[in-house]
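Visitor: Submitted below is the structure of interest, expressed as structure tokens.
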Amino acid sequence: MTLLAPVSGRRRPSEQEAISLELVSGLLMIIGLAAFALLFYAIVTNDNIRIAVQGPPIPGVGVNVRRVQPAADAADQTPYYEIEPVPSGPAAVAGLLPDDRLIRIDDTAITPEMSLQQVQDLLTEPGMDLYQDDFVIQITVLRPGPNGTLSEQTRAVAKNVAPTPLVAYLKTFGFVVPLLVIVLGSLIFWLGTRLRRFDVRAARWSVVTLMWLMVGLGFAAVWAFWVNGKGGIVTDAPFDFSKAISAALAPALLIIPLFIARRWLSSVVDELFVGDETLTSRNTRFAWSLLIPTLAVLMLVAARPLEQTFIKSLTDDEFGTARPVRFIGLDNYRRLLDFQITLVECRREDNGACATTASGQIVWERSDVEAAEAAAAREMSAAERRTYTRYTDAGTISIGGGRGLRVLGRDAAFLGAFGNTLQFTIISVALELLLGLAIALVVNMNFRGRGLMRTAMLVPWAIPTVVSAVLWQAIMRPDQTGILNKLFMDLGLIQQPQQWLAASGPWMASIVAVDVWKTAPFMALLILAGLQTIPADIYEAADVDGASKLRQFFTITLPLLRPTITVALIFRTLDALRVFDVFQVMLDTTRPSMATYNYNQLVLNRADGYASAVGVMIFILIFIFVIAYVRISGLRQEG
Amino acid sequence: MMTQRRIPQVPARVRAAGYLRRGLFWLAVIAVALYTLLPFAYAISISFRTNAQVLVSARYLPEELNIINYQNLLRDPNFMRTLGNSALVSSITVLLALVVGSFAAYAMGRVQFRGRMGVLYVVLAMTMFPQISILSGLFGIVTDLQVYGSPIALILTYPIFTLPFTVWVLTSFFQGLPAEIEQAALVDGATPFQTFRLILLPLTAPALVTTGLLAFISAWNEYLFALTFTLVNRSAQTVPVAIANFSGYGYEIPVADRVAGAVIVAVPLLVLVLIFQRRIIEGLTAGAVKG
């Protein structure tokens, strides 16, 4: 279908226009090539990659060794080795000083006869397995004292291997951005070549491309202005305008030629260029040009971070250390997911009953696995013990008869977090659904003040989760100063003040209650909207047929509500699986959900790589739910 | 009318059952109202007591209307700055989501083009994206762009939850508009962008208000990113972070003043929600039920 008239009346370009066209097409081709060049330049000059390729002076140890010939007037004329710790490297941290004389490495004496290469080989030990965790080398040095004496000191220096170039590259650049730069660069270059053949579609695409390039450069200029002027992450320094302007000048100036080119091109696009364009292809261009900002933003805040998280989860990256990043394969996941289930007995009282703690929880004996682990740990050397992660208790479920199933994991805290999250999700979503359905049925009746009621139901939802957590913390204070304790004691429901949020108390129920309070009315509103789409005459017909109200509910209301309930359920499930605010504010780090565990690992432990693996686990879990959602709700296929 | 006429005809036993049912019904209504409103009412009650009073005993109603907590908070420049940060971050986030999102929604709701279903699926998947799972990746981006510890980090990262939702809801609104509009505009010689800006955008103003409000609420309430990216810089924190890490003005554990702060945080939202409740319910159900 061609709604647009084919471009007719095309005239021959004047000589001046021919030159302009050459210039514009040249500009596009240069931009395309510049994209490649910039990418190449960024990769080549990247510090991480350069270090990974060349290796630091001595990889990982952080010392340079220097052979020193004593001064001519010194009493002892034998040459010796001096070391230079790389600032803030592991050697410097271990307390080595620049004029320390090296005498032994791991009990191998360093003699002046050895060549510098031999000493460095000793330090680097190229045969060492790259996948081994950090290990320590003992460097023994003579340290000159103030009165000319030399005292012997031994320093342990953590040694590790340099990152492989691939890991360094992936961590800095990844796949998405380079791929995008290459594809877009080629496309722009191709547009430039098509322009010279007077292709009208290429010309129109060029106009769009030039416009978004200008916008992009504008943002780059603003960013450069701000970052360079501010000079540091958190500083009190005044804004440095000269620095800011000089950094923003280049991208800002680049806008000018693009602007001129775009203006000229759009003024002649209907006169100089040839070709037919269908409505669909025109629509496609228009649509994609409108989608570009959204896609760019999603690229920046979703695709790239997701890719980064996946890549980092395969490394042992940590913040704030000088240690190079290493590829460790699936080790993070192995540690997260490695678990065993074993049978344990409860600790018996003298009368044969199971011993319980003051709050009524059963005391369990140590399991065979834990005993075996403890025995194995005693056999290990100190170095082995440091790198070995034991199986620890992640929780025990009583199966009756004084026996229980104990889950043990290499990372018991994560398994605990996983269990907490799952438990929280199942209980809270189920309660919210039931309560929400009940509230919706009540509010769906015709009564005076229904509008007010609906407003009231929005209140818990409108209160920020953090605020509701703070509020409920005040309500659930553990002693008689808590209103919940007072209320329940006034009503005679409890005799003693309850510690609602303590580890020995009903903390999971409390957390669920907070979440249910916040979301059940909201769920009710969603269900209410579904209820109101059910036509009233169905009920009238059922009344005429003599169906009871209960029967009507199960045969009419519920089946017709199913789509609404399904969608609401899935959304709530996804929300509950990534619960963060309530757990973080009310329970701190002691009883984490998966999300707070991820946060703790990332921000408090600075274990970037490990936290990434946790994040990927959450992502996979939720992804499975999303697929289930799309399957169940049978998303309409349209267009 | 009908019921009034019929009541004298039914036997007394049935009439009693009817009263009982009505009584139970109103009991249920009152229970729901109390359940949803009481906790926040208690928050207001506790915020009028001093911290020392709160730490001694629990009371349903305050001894007196003591506004010391509010005075302290409103005079505290740090707290006021976090309020300002929240307002700034949320407003810019909304503006960004609406401008960028309406472009994309128009393209997807009104234009037939190749790859439309693919983009639609991506946006739908994004509305369910777990933000927590890319926290460490975003942390890297934010430090790479050197905006860590500034409100800009939040403005930059909030589109991850506001934008897909905005696009999704606006797309369905655009789809609901009659197709003749563009055809008329096209006949009159308007360019597609003119059609969008001058004709369709004003028509969707109600939808823009709704989605803008929802985006504002989610940005105002956001805690995870705010905590992670502004933990190092007190002057960049938003109000949820400030409330969660509130240390009080005295030496005791902050309870009453913390709750007072929480009330201050919640009030702007409650006002917004109460004014626009109809729109919000519409927007939410459009987002969830039409999915």
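Visitor: Out of A:301, A:297, A:268, which single residue is away from chain B (no Cβ under 14 Å) and among the β-branched types (Val, Ile, Thr)? Step through it out loud before you land on a result.
Guide: Values: A:301 fails: away from chain B (no Cβ under 14 Å); A:297 fails: away from chain B (no Cβ under 14 Å).
Result of the check over A:301, A:297, A:268: A:268.
Table: residues versus (1) closer than 14 Å to residue A:310 by Cβ; (2) modelled with pLDDT of 85 or more.
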residue	(1), (2)
A:605	no, yes
A:609	yes, yes
A:613	yes, yes
A:619	yes, yes
A:622	no, yes
A:626	no, no
A:631	no, no
A:637	no, no
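Visitor: Are there any pairs, at least 6 apart or on different chains, whose C-beta atoms fall under 6 Å, with the first in the stretch A:561-575 and crowded, with 17+ Cβ neighbours inside 10 Å and the second among the aliphatic types (A, V, I, L, M) and not in a helix (DSSP H, G or I), and if so, which?
Guide: So the pair list comes out as A:574/B:128.
Visitor: Mind listing whichever residues of the stretch B:88-115 are at the interface with chain A (Cβ under 7 Å from one of its Cβ atoms), over 10 Å from residue A:291 (Cα atoms) and not polar (S, T, N, Q)?
Guide: B:111, B:113, B:114
Visitor: Can you work out which of the residues in the stretch B:274-285 that are in contact with a helix residue (DSSP H, G or I) (Cβ under 7 Å, 6 or more places away or on another chain) and more than 9 Å from every other protein chain (Cβ to nearest Cβ) is modelled with the highest pLDDT?
Guide: B:276
Visitor: Looking at the stretch B:154-236, what helices (runs of 4 or more DSSP H) fall wholly within it and have at least 2 residues that are in contact with a strand residue (DSSP E or B) (Cβ under 7 Å, 6 or more places away or on another chain), more than 9 Å from every other protein chain (Cβ to nearest Cβ) and buried (at least 19 other Cβ atoms within 10 Å of the Cβ)? Steps first, answer last, please.
Guide: Details: elements: B:159-176, B:180-187, B:205-221, B:224-230.
The helices (runs of 4 or more DSSP H) meeting that bar number zero.
Visitor: Sticking with this one: Take the stretch A:511-551 and flag every residue that is within 13 Å of chain B (Cβ to nearest Cβ) and among the basic types (Lys, Arg).
Guide: Hits for the stretch A:511-551 are A:518, A:549.
Visitor: If you scan the stretch B:88-122, which residues turn out to be buried (at least 24 other Cβ atoms within 10 Å of the Cβ) and within 18 Å of residue B:200 (Cα to Cα)? First the steps, then the outcome.
Guide: Our first condition is that a residue be buried (at least 24 other Cβ atoms within 10 Å of the Cβ); within the stretch B:88-122, this holds for B:89-90, B:93-94, B:97, B:100-102, B:104-108.
Within the stretch B:88-122, B:97, B:100, B:101, B:102, B:104, B:105, B:106, B:107, B:108 qualify.
Visitor: Sticking with this one: Restricting the search to the stretch A:602-629, which residues are facing chain B (nearest Cβ under 7 Å) and either farther than 16 Å from residue A:171 by Cα or touching a residue at least 40 places away in the same chain (Cβ under 8 Å) (or both)?
Guide: Of all residues in the stretch A:602-629, those facing chain B (nearest Cβ under 7 Å) come to A:602-603, A:608, A:611-612, A:615-616, A:618-619, A:622, A:626.
Those that are facing chain B (nearest Cβ under 7 Å) and either farther than 16 Å from residue A:171 by Cα or touching a residue at least 40 places away in the same chain (Cβ under 8 Å) (or both): A:602, A:603, A:608, A:612, A:615, A:616, A:618, A:619, A:622, A:626.
Visitor: Restricting to the stretch A:250-287, give me the number of residues that are without any contact (Cβ under 8 Å) to a residue 40 or more places away in the chain and either among the hydrophobic types (A, V, I, L, M, F, W, C) or farther than 27 Å from residue B:97 by Cα (or both). Spell out how you get there, then give the answer.
Guide: If we filter the stretch A:250-287 for residues that are without any contact (Cβ under 8 Å) to a residue 40 or more places away in the chain, which is where we start, we get A:250-254, A:256, A:260, A:263, A:267, A:283-284, A:286-287.
Filter once more, keeping what is either among the hydrophobic types (A, V, I, L, M, F, W, C) or farther than 27 Å from residue B:97 by Cα (or both): A:250, A:252-254, A:256, A:260, A:263, A:267, A:286-287.
So the count comes out to 10.
Visitor: I'm told residue B:132 meets every condition in (1) facing chain A (nearest Cβ under 7 Å); (2) surrounded by fewer than 22 Cβ atoms within 10 Å (Cβ to Cβ); (3) β-branched (Val, Ile, Thr) except one. Can you identify the failing condition by its number?
Guide: Among (1) facing chain A (nearest Cβ under 7 Å); (2) surrounded by fewer than 22 Cβ atoms within 10 Å (Cβ to Cβ); (3) β-branched (Val, Ile, Thr), residue B:132 violates only (2).
Let's see how each residue does on (1) surrounded by 16 or more Cβ atoms within 10 Å (Cβ to Cβ); (2) over 23 Å from residue B:246 (Cβ atoms):
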| residue | (1), (2) |
| --- | --- |
| A:467 | yes, no |
| A:470 | yes, no |
| A:487 | yes, yes |
| A:493 | no, yes |
| A:496 | no, yes |
| A:502 | no, no |
| A:507 | yes, no |
| A:512 | yes, yes |
| A:515 | yes, no |
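Visitor: Give A:429, A:369 a once-over and let me know the one that is within 30 Å of residue A:333 (Cα to Cα), assigned to a helix (DSSP H, G or I) and in contact with a Lys or Arg (Cβ under 6 Å, 6 or more places away or on another chain). Give the steps one after another, and end with the answer.
Guide: Values: A:369 fails: in contact with a Lys or Arg (Cβ under 6 Å, 6 or more places away or on another chain).
It is A:429.
Visitor: Among the numbered criteria (1) crowded, with 19+ Cβ neighbours inside 10 Å; (2) free of Cβ contacts under 8 Å to residues at least 12 places away in the same chain; (3) among the aliphatic types (A, V, I, L, M), which one does residue A:547 miss?
Guide: (1)
The values are calculated or read from the model by the stated rules, or taken from the named source; none is laboratory data. Worth saying up front: this structure is predicted, and the values here are computed from it rather than measured. In this analysis, Cβ positions are derived from the backbone assuming ideal geometry, glycine residues included, and neighbour counts consider all displayed protein chains.
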